[in-house]
Amino acid sequence: MKNQILLAAALLGVSTFGFSADSKSPHAGHNAKAAAPAAKTAGALVSVTEKDAAWAAKARKDYPLEVCIASDEKLGSMGDGSVFIWRAEGKADRLVIFCCEGCVDDFKGDPAKHLKKLDTAAAAKAKAAGKKS
């Protein structure tokens, strides 16, 4: 609840300095920096629709990660996982796979960080494929 209030205050531009749900906390009043929203990456996670199914199936075969993009847990270790498409205006769609639904919020907190992990894995996979040829 406290984090939700701090995030709402940060999004509304309200100062959170000195605010604490627990004034006895040794960290009371030191949450303003932590409450600042993460840098936004222009784009959105969207569910895979029937229209996207063929593209998603092909993209999944070529997916460069064997672990969750957010938690680094092995994909499939918690069931089928959650599959989404990252859509950003002017850029190609990207498949994003999570080990579980809970990791979606972690991704949304800092998409750029997680997408960088995907880019690094794709580059390494491409480099390895180039060496095999």
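No value in this document is a laboratory result; all are computed from the given coordinates. The structure displayed is predicted, hence computed values, not measured ones. Ideal geometry is used to build each Cβ from the backbone, glycine not excepted, and the neighbour counts take in all protein chains shown.
Close amide H pairs (under 5 Å, H built 1.01 Å from N) link ILE69 with ILE97, CYS99, residues at least 5 positions away or on another chain. As a calculated quantity, the FRET efficiency between LYS108 and GLU73 at R0 = 25 Å, using C-beta atoms, amounts to about 0.90. For the set LYS74/LYS116; LYS61/LYS131; LYS51/LYS125; LYS61/LYS117; LYS108/LYS132, the pairs lying more than 25 angstrom apart at their alpha carbons are LYS51/LYS125; LYS108/LYS132.
Candidate cross-link partners of LYS113 among the aspartates and glutamates, defined by an alpha-carbon separation under 14 Å and a same-chain spacing of 8 or more, comprise ASP72, ASP105.
Dividing the convex hull volume of the alpha carbon atoms of the range 44-132 by its residue count, what do you get in Å³ per residue? Walk me through the numbers before you get to the answer.
Values: hull volume 9.4 nm³, N = 89.
Roughly 105 Å³ of hull volume per residue.
The distance between label points at VAL46 and LYS125 comes to 2.2 nm (points 7 Å beyond Cα on the Cα→Cβ vector).
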